[in-house]
Amino acid sequence: MLEALKYQTLPIEQWELLLVDNASHQLLSSEIDLSWHPNARHIREEKLGLTAARLRGFQEAVAEIFVFADDDNVLAPDYLKNVVNICVNYPKLGAWGGKTIPEYEIKPESWISEIDGLLGLRDFGDDLKVCYWEETSIQSFNLAKQLKQYPDCSPIGAGLILRREAAEFYVQQVTGSSTRLAFGRTGKQLISGEDNDIVLTVLEGGWGVGYFPQLQLTHLIPSSRLSKNYLAKLNRAMSRSWIQVLDTHKIRPWLKIPRWTVLPRKIKAFFRYKPWKYPASYIRWQGACGTFEGLGELTNHKSVN
C-alpha cells in the first residue's frame, strides 16, 4: 500500500499521509519508514477497532479531502489526482469511490465469483454513477427516509473518499452513540456496517455519493479469505450488521420477528438453501441466519409471526 503511494502522480507536497497504528503489539513507527514523505505522520490509536482508527484519522488530518487506504489496498498511480479533480467538479458530493479489482494470492475456486461482493470488490463498468437524496414534499423526514433506497453506487471502505464537511458531520452524529461506534471490525470480530453508516449519514446530511470508474485500486486477497468457513462467518456478520445499521437510521423495510422464531427460520432456510451441496449455498445460508438474528434483535415495533 505504501509503495503504491510513492508513485502517485499528485505532487507529494499537495497531500499528507497519516499512518494509523491501531493498538498493534509492536509500534509501527519502529518498523515502517515514512521519511520519504514530507507530510507524513505516525498516529497511535490505543482503542482497538476500525471506527476508532478512522475517527482518530479525522481528528489528526488537516486536509479537506480524506482518502481511506487499508493495508491491502494498492492505489493506482493517478488515484489521488483523480480524487482532487472529482472533488472540484462535484462540489455537492460527500463520499465517493471507484473500482476495486482483486489480486488473489492463490487461484480462487470457481464458486468465489458468485459471492465476491463479500470480499470488498467493486466494478460497475466505465459509466460514472451519482446519487443524492433530494428534498421531497413529504413533511415527515423519517417517512421520507423510509422511501429512500441505499444507492447501488455507494462507495465501500476500500479507497473511500470523504469531503471534510461530510466527515465532520459524521463525527458529530456518531460521537456518544455506543451503537454506532461499535460498527466496524474490531480485532478478529467480523462485525461490519461502518461503511454503510458513513454513507447513510452523508446522504442524510444533504450530500451525494458516487462511483467513478477512473478511481481504481487493487485489493490484495490472501488465501485465508477464500475459505468457505471464513466467507460464511463474514456473510453472517455482515447480514446481521446490515439490519442494525439501517434500523439505526430509522429505515426499516421489514418487520421485527419474535426471537423464538429465529431458530425455526434457520432450520427452514437450511433445507431451502441446501448448504451441504455447494460452498456458495452454505455461505448464503449463513447470511440468511445473520439476517434472522438481526431481525430478532430489533427493538419492538409491530411484530409478525
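Under the condition of being of a type in the set (Ser, Thr, Tyr) and more than 17 Å from residue 244 (Cα to Cα), the residues counted in the range 171-181 number 1. Residue 242 fulfils the conditions (1) within 14 Å of the chain's Cα centre (by Cα); (2) surrounded by 19 or more Cβ atoms within 10 Å (Cβ to Cβ) except for a single criterion, (2). Of the helices (runs of 4 or more DSSP H) lying entirely inside the range 132-190, the ones with 2 or more residues being modelled with pLDDT under 60 are found at 141-146.
Contact annotation: no residue pair with Cβ atoms under 8 Å, 6 or more positions apart or on different chains, pairs a residue in the range 97-114 that is closer than 17 Å to residue 283 by Cβ and assigned by TED's automatic domain parsing to the domain that holds residue 278 with a partner that is at pLDDT below 95 and not in a helix (DSSP H, G or I). In the range 225-270, the residue that is nearest to residue 121 (Cα to Cα) out of those that are out of contact with any helix residue (DSSP H, G or I) (no Cβ under 7 Å at 6 or more places or on another chain) and among the polar types (S, T, N, Q) is 227.
One line per residue, one yes/no per condition, for (1) in contact with a helix residue (DSSP H, G or I) (Cβ under 6 Å, 6 or more places away or on another chain); (2) outside any loop (DSSP other than H, G, I, E, B); (3) surrounded by 12 or more Cβ atoms within 10 Å (Cβ to Cβ):
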site: 26; (1), (2), (3): no, no, no
site: 34; (1), (2), (3): no, no, yes
site: 51; (1), (2), (3): yes, yes, yes
site: 63; (1), (2), (3): no, no, yes
site: 70; (1), (2), (3): no, no, yes
site: 84; (1), (2), (3): no, yes, yes
site: 91; (1), (2), (3): no, no, no
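For residue 276, the conditions (1) surrounded by fewer than 15 Cβ atoms within 10 Å (Cβ to Cβ); (2) under 22 Å from the mean Cα position of the chain (by Cα) all hold with the exception of (2).
The values are calculated or read from the model by the stated rules, or taken from the named source; none is laboratory data. None of these values were measured; they are calculated from a predicted model. Using ideal geometry, Cβ is built from the backbone for each residue, glycine included, and neighbour counts are taken over all protein chains shown.
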